[in-house]
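Structure first, then comments.
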Amino acid sequence: MYTANGRMAQQDIYTEYQPLVRRIALQLQVRLPASVDLEDLIQAGMLGLCECVGRYEQGHGASFATYASQRIRGAMLDELRSRDWLPRSVRRAGRELESVIQQLEQSLGYPPEETQIASAMGLELEDYRRLLLDTNNGMVMSLDEMLDEDGAAPGGISTPYVEPFALPHEALEEADTRRALTEAIGRLPEREKLLMALYYQENLNLKEIGAVLDVTESRVSQLHSQAVRRLQGVLAPHLVARAGKRRR
């Protein structure tokens with residue numbers, strides 16, 4: 001895929017990696033509201049691929065395929081971040097949910113049950129589960145975004161990939177955050193831990209995960225939202241400290 005002078009042959013790259021762009025777009029689409037058009041994701045992914053061709057250099061420890069996958073996904077996430085489809089009231093409720101879970105876990109010493117969370121929020125269980133469904137619509141690749149506040153694309157929770165052009169201290173910070181995330185996932189209730197593995201590592205969709213867990217798709221969505229809020233609560237202080245170091 002390289003020309004005689006060592007540069008990547010762009011047309012060959014676009015032809016070979018177009019199916020990858022579509023596959024990543026489809027993986028994202030199953031986690032998104034129906035209003036998000038697949039072709040918009042593919043277009044954003046192709047722009048990310050174009051950027052890869054211009055920036056990639058051999059010898060940085062990552063293959064082009066690995067680098068391209070992260071950049072393509074990152075470009076799609078950037079496109080999605082530019083759309084604010086979640087009402088402010090739901091975002092506010094989501095932040096409250098995250099705070100309540102964090103406080104309960106600190107006071108109880110273990111991950112709280114959903115009945116405990118609902119009670120602490122002054123909600124009936126049915127209303128609490130409805131809130132989980134509402135907030136889950138805004139959690140596009142949430143774990144990636146927790147590690148990706150600067151707009152890079154570090155990859156899924158199973159991928160120990162570090163941006164090959166990152167400065168040494170940035171790579172260390174990212175690796176440290178990943179370790180914290182891994183530890184936080186390890187403390188999740190078993191069903192939520194399995195759900196996260198199926199969702200982010202195995203790339204199963206909601207229907208497929210529901211079949212494995214023997215629950216409905218909407219219940220999978222609720223459990224996903226609850227698991228991500230648990231992780232956000234655990235990682236929030238870590239990410240704030242990381243952001244502070246970067247501003248200095």
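The values are calculated or read from the model by the stated rules, or taken from the named source; none is laboratory data. Remember, predicted model here, so these are calculated numbers, not experimental data. Don't worry about glycine lacking a Cβ; one is built from the backbone with ideal geometry, like all the others, and counts go over all protein chains shown. Note: areas computed on protein heavy atoms with side chains; ligands, DNA, RNA excluded. Shrake-Rupley method; radii C 1.70, N 1.55, O 1.52, S 1.80 Å.
So here's what we get for this one:
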{"quantity": "Of all residues making up the stretch 179-200, the number that are open to solvent by 30 Å² or more (accessible area, probe 1.4 Å) and touching a Pro at 6+ places or on another chain (Cβ under 7 Å)", "calculated": "2"}
{"quantity": "Residue among Gln11, Gln43, Gln58 that is closer than 30 Å to His224 by Cα, over 17 Å from the mean Cα position of the chain (by Cα) and either surrounded by fewer than 20 Cβ atoms within 10 Å (Cβ to Cβ) or at pLDDT 90 or above (or both)", "calculated": "Gln43"}
{"quantity": "Test: residue in the stretch 195-206 that is touching a residue at least 60 places away in the same chain (Cβ under 8 Å) and assigned to a loop (DSSP other than H, G, I, E, B)", "calculated": "yes"}
{"quantity": "So Glu96, is it among the acidic types (Asp, Glu), more than 26 Å from Ala25 (Cα to Cα) and open to solvent by less than 40 Å² (accessible area, probe 1.4 Å)", "calculated": "no"}
{"quantity": "Among (1) open to solvent by 10 Å² or more (accessible area, probe 1.4 Å); (2) at pLDDT 85 or above - the single one Leu223 does not satisfy", "calculated": "(1)"}
{"quantity": "Residue count for the stretch 98-133, restricted to those that are outside any helix (DSSP H, G or I) and on the phi < 0 side of the Ramachandran plot", "calculated": "7"}
